[in-house]
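Remarks on the structure that follows.
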Amino acid sequence: MDLRKYGFTPDLLPENAQGSPARVTAVHKDRYALVCEYGETYGRLKTKEYYGGFEEFPTVGDFVLIRHNPGGDSRIVKTLPRRTFFSRRDPASDRGEQAVAANFDNVFIMQSFNQNFNTRRLERYLTLARQSGAVPVVVLTKADLVREYASYLRAAEDTAAGAPVYIVSAKNGTGLVDLAALMTPGKTAVFLGSSGVGKSSLVNALAGEELME
Ligand SMILES: Nc1nc2c(ncn2[C@@H]2O[C@H](COP(=O)(O)OP(=O)(O)OP(=O)(O)O)[C@@H](O)[C@H]2O)c(=O)[nH]1
Ligand SMILES: [Mg+2]
C-alpha cells in the first residue's frame, strides 16, 4: 500500500527513524487501526514510550512509527509531529489537552437547509477550523429541501469571510462533483457538524458506496 495516498510525506520521518510509518484510521480503546506499506493492520502502544510519558497518545489521523508484526498486533513506538489537529480538554485524566483528530487538510463545516442553519454556530466552527491549522470549507447540505437558497448563500458567505461555500445534496447529487474535486489522493478532510446534519450521508454519496451507517 502506498502511504502517500494517505497523505504521508517522507519529510515527516525523523532522521534516525526506528520503525516504519503508518497512519491511524480508527481508535478502539487501546487498539489502533492502521494503514502502512504492508496494508491494513492493528497496533498497540509500546508501554515504555507512551506510559513513560515520552510520546503523545495517537488519535485518528496521526502518523506513527510501528514495528510491524505480520502475525498479530504491531507495536506503536512513536507519534510523529502533527501538521494540524483538533483537541479538547481531556475528560478522563490529568493529561490536559487530548487530540481528537490530526493531520487533515480541509475541514468541511456542515450545516443543512432547515432549522440547522445558524450563522453564529457557523462562526464558532470557522474559528475552531482556523485554529486547527487546516483550511475551512463551508458545506450547506440538503439543498433538495429548499426551493431557493440565495439568501442562505449570502448569509453563509458573509460569515465565512473568504472561506468557500458549497451547496450540496446527498439526496439528488447537487454540487457533489465540485466538492469531490477537493478530495484527491493524499488529502484528508474532516466533516464537522451537528448530529443529523448529513455527514454520513455526504461521505457515502461522495464515496459512491455505503461506508458509514
Ligand atoms: N433531504 C435530504 N436529507 C438528507 C440529506 N443528507 C442526509 N439526509 C437525511 O438526514 C438524516 C441524517 O443524516 P446523517 O447522514 O445520518 O447525519 P449525520 O450528520 O451523519 O448524523 P450523526 O451521525 O448523528 O452525527 C438522515 O435521515 C438522512 O437521510 C440530503 O442531502 N437531503
Ligand atoms: Mg453520522
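General observations
- Residue-normalised accessible area of the chain, given per residue in Å² at a 1.4 Å probe: 56
- Each listed q (0.14 Å⁻¹) maps to a log10 I(q)/I(0) for region 106-207 from the Debye sum over equal C-alpha point scatterers, namely -0.46.
- Cα centroid of region 157-189 to Cα centroid of region 79-141, whole Å: 16
- Segment VAL27..VAL100, full-extension length gain: 25.3 nm, with 0.36 nm per residue of separation and the alpha-carbon distance subtracted.
- Within the chain, antiparallel bridges make up roughly 60 percent of the DSSP beta bridges whose residues both belong there.
- In order through region 24-39: 3J(HN,Hα) via Karplus (6.51 cos²θ - 1.76 cosθ + 1.60), integer Hz, x for Gly, Pro: 7, 9, 6, 10, 10, 6, 9, 10, 10, 7, 10, 10, 8, 4, 8, x
- Cα-derived Rg to Rh of the chain, Kirkwood definition: 1.01
- Rounded to whole Hz, the Karplus (6.51, -1.76, 1.60) HN-Hα couplings of region 179-196, x for glycine and proline: 5, 4, 5, 7, 9, 10, x, x, 9, 10, 10, 10, 9, 10, x, 4, 4, x
- Over region 1-83, relative contact order from alpha-carbon pairs under 8 Å, at least 6 apart, %: 29
- Stretchable slack from ARG120 to SER87, in nm (0.36 nm times residue separation minus alpha-carbon distance): 9.8 nm
- Of all accessible heavy-atom area on the chain, the percent that carbon and sulfur account for (1.4 Å): 49
- Here is how the number arises for the chain: DSSP H runs of 4 or more residues each give -39500 (n - 2.57), the sum is divided by the residue count, and the result at 222 nm is -6000 deg cm²/dmol.
- Aspartates and glutamates whose Cα lies under 12 Å from that of LYS48, excluding same-chain neighbours fewer than 8 positions away: none
The values are calculated or read from the model by the stated rules, or taken from the named source; none is laboratory data. Keep in mind that this is a model prediction, so the values were computed, not measured. The accessibility values were calculated without ligands, DNA or RNA, using every heavy atom of the protein model including side chains. Shrake-Rupley method; radii C 1.70, N 1.55, O 1.52, S 1.80 Å.
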